[in-house]
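Notes for the one structure printed next.
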Amino acid sequence: VLLEESGGGFVQAGESLRLSCADSKHTFSNHALGWFRRAPGKEREFVAAISWNGGTTDYADSAKGRFTISRDKSKYTMFLQLDTLRSEDTATYYCAAYSRPYGLSRAEDEYRYWGQGTQVTVSS
């Protein structure tokens, strides 16, 4: 497994969680990384992405102002801080690595490497 998510859980609406994605074999230092999610009965959707050096970030409209993506290259780990969670944020969250070094994209099919997901459940 190249990417390992952690940090999911069950929270009340308005609370926070911090998801982590570990690049366990130190493979993706020069790759953009992204977070996607799949809610029950829905297609997987883009949440946020960060460039290889952390200098550029991109967010889905649903994430802007509430979620923050970051990466610690020294620890080969990416994070997604989830604040002011809503019931509609309930989903399995996946981290993914862009298919080639550098670049940045929202397109799911441009990410080749995926973690197994971590469940976030928000109760209203």
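Within segment 64-82, residues that are at positive phi have Cβ atoms under 8 Å from residues that are among the polar types (S, T, N, Q) and open to solvent by 40 Å² or more (accessible area, probe 1.4 Å) in these pairs: Tyr76/Ser24, counting only partners at least 6 apart in sequence or on another chain. Within segment 103-114, residues that are within 13 Å of Arg37 (Cα to Cα) reach partners that are at pLDDT below 95 with beta carbons closer than 9 Å, at six or more positions or on different chains, in the pairs Trp114/Leu2. Here is the figure for segment 42-56: residues that are within 13 Å of His31 (Cα to Cα) and either open to solvent by 50 Å² or more (accessible area, probe 1.4 Å) or of a type in the set (A, V, I, L, M, F, W, C) (or both) total 6.
Of the residues that make up segment 20-40, is at least one open to solvent by 40 Å² or more (accessible area, probe 1.4 Å), in contact with a Lys or Arg (Cβ under 6 Å, 6 or more places away or on another chain) and touching a residue at least 12 places away in the same chain (Cβ under 8 Å)? Yes, some residue in segment 20-40 is open to solvent by 40 Å² or more (accessible area, probe 1.4 Å), in contact with a Lys or Arg (Cβ under 6 Å, 6 or more places away or on another chain) and touching a residue at least 12 places away in the same chain (Cβ under 8 Å).
What about Gly65, is it over 24 Å from Glu110 (Cβ atoms), open to solvent by less than 60 Å² (accessible area, probe 1.4 Å) and among the small types (Gly, Ala, Ser)? In short, no. Residues in segment 1-19 that are at pLDDT 95 or above and open to solvent by 70 Å² or more (accessible area, probe 1.4 Å): Glu4, Phe10, Gln12, Glu15, Arg18.
Number of residues in segment 73-102 that are touching a His at 6+ places or on another chain (Cβ under 8 Å), open to solvent by 30 Å² or more (accessible area, probe 1.4 Å) and of a type outside the set (Ser, Thr, Tyr) equals 2.
The values are calculated or read from the model by the stated rules, or taken from the named source; none is laboratory data. Remember, it's a predicted structure, so these values are computed and weren't measured experimentally. Because the Cβ atoms are built from the backbone with ideal geometry, glycine has one as well, and the counts that use them run over all protein chains shown. Protein only, heavy atoms only, side chains kept; ligands, DNA and RNA dropped before computing areas. Shrake-Rupley method; radii C 1.70, N 1.55, O 1.52, S 1.80 Å.
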